[in-house]
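The values are calculated or read from the model by the stated rules, or taken from the named source; none is laboratory data. Nothing here was measured: the structure is a model prediction, and the numbers come from that model. Note that each Cβ is placed from the backbone with ideal geometry, even for glycine, and that neighbours are counted across all protein chains shown.
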Amino acid sequence: MLFNPLELFEINILKFTIFSFDFLNFSNFTLGLFSIYMFILLYFINTVKTYNIIPTINQFFIENIYLFSIRLIIQNSSKNLIFLSNLLYLTLITIFSFNIYGLIFINYSITSHIIATFLLAFFFNLFFLIFIIYFKSYKFLKIFIPSSDLSIIIMPLIFIIEFFSYMLRTLSLSIRLGANIIAGHILLIIIASFVALIFNKTTFFWIVLIPLGILFGLFILEIFIALIQTYVFVLLLSIYMNDIV
């Protein structure tokens, strides 16, 4: 019997009971967030503690990701927004860690929940909108009117269309990331359960090698997809930053 792939996305409550008293209750979602952030924090602390002029592998890794974040902003927005590079840098590392966390344990992923990716995208777009209003005051409404040569009659319609397309950025960011992670995890668990089924039903071990090779190839592919989806997310964020200036 094949495993149910949808079990990957269930949020389970983990309970710790002492003398019939619920000492601590939290979900596997919370456990995943805590584990990822603690790993990132300890990784950075360990790297900074051994900071050298000749960089170590870890130092080279985090420095080049930071430079990559700066280049994204310069190429897609403006040099005036370099102060947001720290935000983009941490976002890149966090989302990639979320994606990889699900692949390491092959049973749960933070970014497989649309609510998580939706809230992440929503607060970024809200943050950018606040910046736009702060820098441009009421003139920020001009971003919803692509041309000043429009007729007075058609301008309200264009404004409404542009406004809703701006609001749909949240959905496009969240669904693109979440849907790709969900699809990859479902495919992995289906192939993995198929391998387990063949292994239990056959006495010829070599038969299992073919689907096992396919599973390994899909796992490597999912690592690249996790990286690509992280890149696409931060790339779109750097493009959306351009509205601020």
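If you filter segment 14-41 down to residues that are assigned to a strand (DSSP E or B) and loosely packed, with under 11 Cβ neighbours inside 10 Å, you find that the one that is modelled with the highest pLDDT is Lys15.
Regarding segment 141-162, can at least one residue be identified that is in contact (Cβ under 8 Å) with a residue 24 or more places away in the chain and in a helix (DSSP H, G or I)? The answer is yes, given that some residue of segment 141-162 is in contact (Cβ under 8 Å) with a residue 24 or more places away in the chain and in a helix (DSSP H, G or I). Of all residues in segment 64-82, those that are loosely packed, with under 13 Cβ neighbours inside 10 Å and at pLDDT 85 or above total 4.
Filtering segment 75-125 to residues that are within 16 Å of Ser35 (Cβ to Cβ) and either of a type in the set (Gly, Ala, Ser) or without any contact (Cβ under 8 Å) to a residue 60 or more places away in the chain (or both) leaves Ile93, Thr94, Ser97, Gly102, Ile104, Phe105, Ser109, Ser112, Ala116. Is one or more of the residues making up segment 169-181 assigned to a helix (DSSP H, G or I), of a type in the set (D, E, K, R) and either under 28 Å from Phe98 (Cβ atoms) or touching a Gly at 6+ places or on another chain (Cβ under 7 Å) (or both)? Yes, the conditions are met somewhere in segment 169-181. For Phe118, the test of being surrounded by fewer than 19 Cβ atoms within 10 Å (Cβ to Cβ) and over 13 Å from the mean Cα position of the chain (by Cα) is failed.
Check Asn125, Asn86, Asn99 and return the single one that is closer than 27 Å to Asn64 by Cα, at pLDDT 75 or above and either among the charged types (D, E, K, R) or touching a Lys or Arg at 6+ places or on another chain (Cβ under 7 Å) (or both). After applying the criteria, what remains is Asn125. Residues in segment 62-103 that are of a type outside the set (Val, Ile, Thr) and more than 19 Å from the chain's Cα centre (by Cα): 12 in all.
Going residue by residue through segment 221-238, is there one that turns out to be surrounded by 19 or more Cβ atoms within 10 Å (Cβ to Cβ) and over 22 Å from Tyr66 (Cα atoms)? Among the residues of segment 221-238, at least one is surrounded by 19 or more Cβ atoms within 10 Å (Cβ to Cβ) and over 22 Å from Tyr66 (Cα atoms), which makes the answer yes.
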